[in-house]
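**Student:** Take a look at this one; I'll ask things after.
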Amino acid sequence: MKRKWSPFKALMVGLIGIVFLAGMVGCATTQGAGTASVSKITPPTIKLVDVQLAHYWGWWYFSKKVKPTKGKAGNYGAPMDLVFVFEITNPNSFPVQLDGFKFTVAFEEFDVNTLNAFETMWIPAGKTNQLAVHGMFDARTSLLSLLVTGGFKLKAKHMNVWQQLEKWWTGIATFSFPITVKEGAATFHAGGKTVVTSFTGKFPTK
């Protein structure tokens, strides 16, 4: 049985189709204009707004001379997981794509880790996005770093490596020492153009 269409229904279906197609074309045109006509990208701004202690296992260190209850003996130091929260603001009149984000972390004046974020995200025009970057730190790796590069600085502070490590691992819960983000670089793309924003930060801010 064939369905009969009244002239009114046919007219309404036609109008709906026209409106839908016009909306699709308009949306595509707007998105294309947002990036296709870019002549210059104003570098987005990046601000460190928070550092959080996500996971913490206290302060300890075992040398390979200590026999473990299970597993193989080795040099192991307490780990901790920090989260660095950034606000990324796009000052442009078009969206930009974040594609590459890295920075070095220093406890006090000692570099202890370099972190990367591999997420790709679009930041709308005139808006601010947040990016949280996890970083794993462990006392063994930090010990080796201090032994290689921190000798003179530790001597000037009248501290040895064990005193410095204990200060960090026991003080991290209250952030009793400054954490610095340095040598930061973030890559942004839009309309075939690329710009790199450099950034630094410090926490706590006071």
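**Student:** Among (1) within 18 Å of the chain's Cα centre (by Cα); (2) at pLDDT below 95, which single condition is LEU154 missing?
**Tutor:** (1)
**Student:** May I pose another question? Quick check on my filter: what residues within the range 117-140 are within 8 Å of the chain's Cα centre (by Cα) and crowded, with 17+ Cβ neighbours inside 10 Å?
**Tutor:** Passing the criteria: ALA117, LEU131, VAL133.
**Student:** Any residue in the range 144-162 that is surrounded by 11 or more Cβ atoms within 10 Å (Cβ to Cβ) sitting within a Cβ distance under 7 Å of a residue that is among the aromatic types (Phe, Trp, Tyr)? List the pairs, counting only those 6 or more apart or interchain.
**Tutor:** Partner pairs satisfying both residue conditions: LEU146/PHE110; GLY150/PHE110; LYS153/PHE110.
**Student:** A follow-up question, please. What do you reckon, is THR104 closer than 15 Å to VAL83 by Cα, among the polar types (S, T, N, Q) and surrounded by 12 or more Cβ atoms within 10 Å (Cβ to Cβ)?
**Tutor:** Against the criterion (closer than 15 Å to VAL83 by Cα, among the polar types (S, T, N, Q) and surrounded by 12 or more Cβ atoms within 10 Å (Cβ to Cβ)), THR104 qualifies.
**Student:** Right, something else. What do you reckon, is ALA73 surrounded by fewer than 17 Cβ atoms within 10 Å (Cβ to Cβ), touching a residue at least 24 places away in the same chain (Cβ under 8 Å) and not in a strand (DSSP E or B)?
**Tutor:** Criteria not met by ALA73.
**Student:** Can you report the number of residues in the range 155-175 which are more than 19 Å from THR104 (Cβ to Cβ) and part of a helix (DSSP H, G or I)?
**Tutor:** Residues meeting the conditions: 13.
**Student:** Being assigned to a helix (DSSP H, G or I) and touching a strand residue (DSSP E or B) at 6+ places or on another chain (Cβ under 6 Å), is that true of even one residue in the range 93-114?
**Tutor:** no
**Student:** If you check every pair at least six apart or on different chains, which have Cβ atoms under 8 Å apart with a residue in the range 112-135 that is over 18 Å from ALA54 (Cα atoms) first and a residue that is at pLDDT below 95 and not in a strand (DSSP E or B) second?
**Tutor:** Close Cβ pairs (under 8 Å, with a partner that is at pLDDT below 95 and not in a strand (DSSP E or B)) amount to ALA125/GLY34.
The values are calculated or read from the model by the stated rules, or taken from the named source; none is laboratory data. Remember, predicted model here, so these are calculated numbers, not experimental data. Every residue, glycine as well, gets a Cβ built from its backbone with ideal geometry; the counts of neighbours run over all protein chains shown.
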